[in-house]
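Everything below concerns the one structure shown next.
The values are calculated or read from the model by the stated rules, or taken from the named source; none is laboratory data. Because the structure is predicted, anything quoted here is derived from the model rather than measured. Neighbour counts are summed over all protein chains in view; Cβ atoms, including those assigned to glycine, are modelled from backbone coordinates with ideal geometry. For the accessible areas, the whole protein counts, side chains as well, though only heavy atoms, and no ligand, DNA or RNA atoms are used. Shrake-Rupley method; radii C 1.70, N 1.55, O 1.52, S 1.80 Å.
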Amino acid sequence: METQAVTRTADLPDGLAPQGPSVELPPRVTRALQGVSIVGAVLVVVGLLVSTDRTWAAMLLASQYALGIGLAGIVFVALGYVTGAGWAVAIRRVPEAMAGSLPVGALAVVVALVGLPWLYHWTHVDLSADPILEAKSWWLNTGGFVVRAVLYLAVWLGLTRAIRRNSERQDATHGVEETRRNVLLSAVFLIAFGFTFSAASFDWIMSLEPHWYSTVFGIYTFSGMFTCGLAVFILLLAALKRMGKLAVLRESHLHDLGRLLFGFATFWGYIWFCQYMLIWYGAIPEETAYYLLREQGAWHVLSVMNPIVNWLIPFLILLPRPAKRNLGLLVKVCVLILLGHWLDLFVMINPTVMADGPVLGLWEIAPLMVALPWVVLATFKALGGRNLVPEGDPYLVESLHHHT
Amino acid sequence: MTHRFVLGTFRSEDDVLGVVKAVRARKLSLHDVYTPYAVHGLDEAMGLRPSRLTWVCFLAGAVGFGLTMLFQYYTSAFDWPLNVGGKPYNSLPAFIPIAFEATVLFAGMAVVIALFIRCGLYPGKKAKIPGPRVTNDRFVVVVRLDSADASAEDVQMLMEGFGVEAVDERVGGVA
């Protein structure tokens, strides 16, 4: 790293150097987002009174969706540091801003987990009558669940804050020390994240059906979350481009993000199939219960649509090279993946409260109406509060000349 | 007519990119460019069409997938049905891993073979290069003179604007 030239603002192309806090959502968009979230909050309160179980399940889904966007942002940033990838440095402030929305996702999780007694039936069963749950009770107990949730969120929020702060400090120092520190922090984060995210998905989603288990579940939820996060990343780039910001964005950056989107959608499909096939082949009753529930009636249609929307269609569209360099087409695929990720979470979470078949009503939408606008607002607040380009990063020049 | 070629040797990739663009802007015939490594942006500068090997890859992959699916369907459901855990003889999930591997194998092998055929490569083939240094630290830009009265001097002057190290003229071939 010593040999890397230290970038000075003077080395940067015209029009790039300090842009200041210039990214702002138009006031009417901000007001509209706030309005949607207020209406959503009212609906959530009504939903909790009218249709308690469905609303709690929808709140859990919304919290996982919102949290995933922030986590995908920091995972992307951390991966960039530990792999020494220079190509994305010029656009790194966007995933950093996504990570800036992590407190919103964390708050959503805390609120959703208040519904512990309604969501998770292991919290109130007679253990002596259920030897399987009794054997699992060393992990699945309310005290441990709460302590772990606090631990996961604290680890993610703390390390995210440290990484973002170093990156921001580098804007002023133009040094390599911050990069070196962030490489270390990122490595620590990624290792911690691997364990905590797996455990969190066991706690928050898998334990909805506590007799069932899948050892690949953590990777499965991670792959869906990260694919969705990449889609959000690309959509934010498209929005910034439309606002006339981020002149450093090159077609090659899009091409690489398109390839990552293609790759992670395929990775998700691979893990989806791994989980399904091993359970289908083994045909052990305690494992197949999960899919039997999801093959009842209309759930079967959604279960089949899931890999088509999340893998097959993105795979076929993004396969040719020009598709990955075409922002208009990428935006369409990203929107499809955002919907697909909702479907994926819906099929994971909701069958427990909708055994008679899937229902999509106000109570399913309302929690998303609260959480997602605040993710967008927090992301844009984080984007506006700092330089849009990390101009002190030693890899910036490499990223500005990125060519695929 | 025997072709005449002007070969300019350069030291840096920036000069190569510059001279390639200038040669094409002057409507001279750019024959080829020899570089020790893949130079970013050279394909676009030379105006090369996108590779068609991707189609070979896709079609071979599709053929591999289709053939192995058919093969497994035939062997498992008709030719030699085996009862595996009471599952139906024709069980799609069980066929997917093999079809996936065959897709990768067919696509990968086909694209390498197609590349070798298209480039005329085979084991023991002698390299046709203008000089050994293009495999080390020099870049050679080759311009073809299309008419008998075309002058090599014009090309040389153009190349000198980009710091050419040496200019040779060869008749009949580059190597």
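Among the listed residues A:Val359, A:Val347, identify the single one that is β-branched (Val, Ile, Thr) and open to solvent by 50 Å² or more (accessible area, probe 1.4 Å). Give the derivation first.
On the way: A:Val347 fails: open to solvent by 50 Å² or more (accessible area, probe 1.4 Å).
Testing whether each residue is β-branched (Val, Ile, Thr) and open to solvent by 50 Å² or more (accessible area, probe 1.4 Å) leaves just A:Val359.
Take residues that are away from chain B (no Cβ under 14 Å) and closer than 28 Å to A:Gln275 by Cβ and tell me which of the helices (runs of 4 or more DSSP H) falling wholly in region A:307-386 contain 1 or more.
It comes to A:313-318, A:327-349, A:362-384.
From the list A:Gly86, A:Gly47, exactly one residue is touching a Ser or Thr at 6+ places or on another chain (Cβ under 6 Å), assigned to a loop (DSSP other than H, G, I, E, B) and either farther than 30 Å from A:Ala187 by Cα or not hydrophobic (A, V, I, L, M, F, W, C) (or both). Which is it?
Working: A:Gly47 fails: assigned to a loop (DSSP other than H, G, I, E, B).
That would be A:Gly86, the only listed residue that is touching a Ser or Thr at 6+ places or on another chain (Cβ under 6 Å), assigned to a loop (DSSP other than H, G, I, E, B) and either farther than 30 Å from A:Ala187 by Cα or not hydrophobic (A, V, I, L, M, F, W, C) (or both).
Under 9 Å between Cβ atoms, at least 6 apart or on separate chains: pull out the pairs that start in region A:314-341 with a residue that is closer than 30 Å to A:Ala58 by Cα and among the aromatic types (Phe, Trp, Tyr) and end on any residue that is open to solvent by 40 Å² or more (accessible area, probe 1.4 Å) and assigned to a helix (DSSP H, G or I).
A:Phe315/A:Phe262; A:Phe315/A:Thr266
If the requirement is being more than 20 Å from the chain's Cα centre (by Cα), within 30 Å of A:Ala289 (Cα to Cα) and open to solvent by less than 30 Å² (accessible area, probe 1.4 Å), which of these qualifies: A:Phe226, A:Phe193, A:Phe145? Break it down into steps so the answer makes sense when it comes.
On the way: A:Phe226 fails: more than 20 Å from the chain's Cα centre (by Cα); A:Phe193 fails: more than 20 Å from the chain's Cα centre (by Cα).
Checking each option against the conditions leaves just A:Phe145.
This table checks each residue for (1) in contact (Cβ under 8 Å) with a residue 12 or more places away in the chain; (2) in contact with a strand residue (DSSP E or B) (Cβ under 8 Å, 6 or more places away or on another chain); (3) surrounded by fewer than 19 Cβ atoms within 10 Å (Cβ to Cβ).
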residue: A:Val42; (1), (2), (3): no, no, yes
residue: A:Val50; (1), (2), (3): yes, no, yes
residue: A:Leu71; (1), (2), (3): yes, no, no
residue: A:Phe76; (1), (2), (3): yes, no, no
residue: A:Tyr81; (1), (2), (3): yes, no, no
residue: A:Ala88; (1), (2), (3): yes, no, no
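Step by step: first the residues of region A:268-303, then only those that are out of contact with any helix residue (DSSP H, G or I) (no Cβ under 9 Å at 6 or more places or on another chain) and in a loop (DSSP other than H, G, I, E, B), then the one that is farthest from the other protein chains (Cβ to nearest Cβ). Which residue is that?
Checked region A:268-303; the qualifying residue farthest from the other protein chains (Cβ to nearest Cβ) is A:Ile284.
Return a yes/no flag: does region B:100-108 have any residue that is assigned to a helix (DSSP H, G or I), open to solvent by less than 70 Å² (accessible area, probe 1.4 Å) and within 14 Å of another protein chain (Cβ to nearest Cβ). Show your work before the answer.
To start, the set of residues in region B:100-108 that are assigned to a helix (DSSP H, G or I) comprises B:100-108.
Then keep just the ones that are open to solvent by less than 70 Å² (accessible area, probe 1.4 Å); that gives B:102-103, B:107-108.
Filter once more, keeping what is within 14 Å of another protein chain (Cβ to nearest Cβ): B:103, B:107.
The answer is yes, given that some residue of region B:100-108 is assigned to a helix (DSSP H, G or I), open to solvent by less than 70 Å² (accessible area, probe 1.4 Å) and within 14 Å of another protein chain (Cβ to nearest Cβ).
Which count do you get for residues in region A:387-404 that are within 14 Å of chain B (Cβ to nearest Cβ), crowded, with 17+ Cβ neighbours inside 10 Å and in a loop (DSSP other than H, G, I, E, B)?
Residues meeting the conditions: 1.
For region B:29-46, which positions are within 14 Å of chain A (Cβ to nearest Cβ) and of a type outside the set (D, E, K, R)?
Pass one, region B:29-46, residues within 14 Å of chain A (Cβ to nearest Cβ): B:37-45.
Once the filter is applied, which keeps residues that are within 14 Å of chain A (Cβ to nearest Cβ) and of a type outside the set (D, E, K, R), region B:29-46 yields B:Tyr37, B:Ala38, B:Val39, B:His40, B:Gly41, B:Leu42, B:Ala45.
Just to be sure I understand the filter: pairs with C-beta atoms under 6 Å, separated by 6 or more residues or on different chains, first member in region A:90-118 and among the acidic types (Asp, Glu), second member crowded, with 23+ Cβ neighbours inside 10 Å. Which pairs pass?
A:Glu96/A:Val77
Could you tell me whether region A:162-170 includes any residue that is out of contact with any helix residue (DSSP H, G or I) (no Cβ under 6 Å at 6 or more places or on another chain), of a type in the set (S, T, N, Q) and without any contact (Cβ under 8 Å) to a residue 60 or more places away in the chain?
No: region A:162-170 contains no residue that is out of contact with any helix residue (DSSP H, G or I) (no Cβ under 6 Å at 6 or more places or on another chain), of a type in the set (S, T, N, Q) and without any contact (Cβ under 8 Å) to a residue 60 or more places away in the chain.
Among the residues of region A:243-254, is there at least one that is of a type in the set (Val, Ile, Thr) and within 12 Å of chain B (Cβ to nearest Cβ)? Reasoning before the result, please.
So in region A:243-254, the residues of a type in the set (Val, Ile, Thr) come out as A:248.
Then keep just the ones that are within 12 Å of chain B (Cβ to nearest Cβ); that gives none.
No, region A:243-254 contains no residue that is of a type in the set (Val, Ile, Thr) and within 12 Å of chain B (Cβ to nearest Cβ).
Looking at (1) out of contact with any strand residue (DSSP E or B) (no Cβ under 6 Å at 6 or more places or on another chain); (2) open to solvent by less than 50 Å² (accessible area, probe 1.4 Å), which is the only condition B:Ala166 fails?
(1)
Collect the residues in region A:261-283 that are closer than 10 Å to A:Lys324 by Cα and open to solvent by 40 Å² or more (accessible area, probe 1.4 Å), keeping them in residue-number order. Break it down into steps so the answer makes sense when it comes.
Of all residues in region A:261-283, those closer than 10 Å to A:Lys324 by Cα come to A:261-262.
The answer is A:Phe262, and nothing else.
Can you list the helices (runs of 4 or more DSSP H) lying wholly within region B:1-96 that have 1 or more residues being open to solvent by 40 Å² or more (accessible area, probe 1.4 Å) and in contact with a strand residue (DSSP E or B) (Cβ under 9 Å, 6 or more places away or on another chain)? Give the derivation first.
Details: elements: B:13-25, B:42-46, B:53-74.
Fully inside region B:1-96 and qualifying: B:13-25.
Residues that are open to solvent by less than 40 Å² (accessible area, probe 1.4 Å), farther than 20 Å from A:Met348 by Cβ and part of a loop (DSSP other than H, G, I, E, B): does region A:152-174 have at least one?
Yes, that holds for at least one residue.
Go through region A:300-341 and give me each residue that's over 15 Å from A:Gly263 (Cα atoms) and open to solvent by 50 Å² or more (accessible area, probe 1.4 Å).
A:His300, A:Val301, A:Val304, A:Met305, A:Ile308, A:Pro322, A:Asn326, A:Leu329, A:Lys332, A:Val335, A:Leu339
Residues of region B:109-155 being of a type in the set (S, T, N, Q) and surrounded by 10 or more Cβ atoms within 10 Å (Cβ to Cβ), which ones?
Correct list: B:Thr135, B:Ser151.
Out of A:Val75, A:Val110, which single residue is β-branched (Val, Ile, Thr), out of contact with any Ser or Thr (no Cβ under 7 Å at 6 or more places or on another chain) and under 19 Å from A:Leu368 (Cβ atoms)?
Details: A:Val75 fails: under 19 Å from A:Leu368 (Cβ atoms).
From the options A:Val75, A:Val110, the qualifying one is A:Val110.
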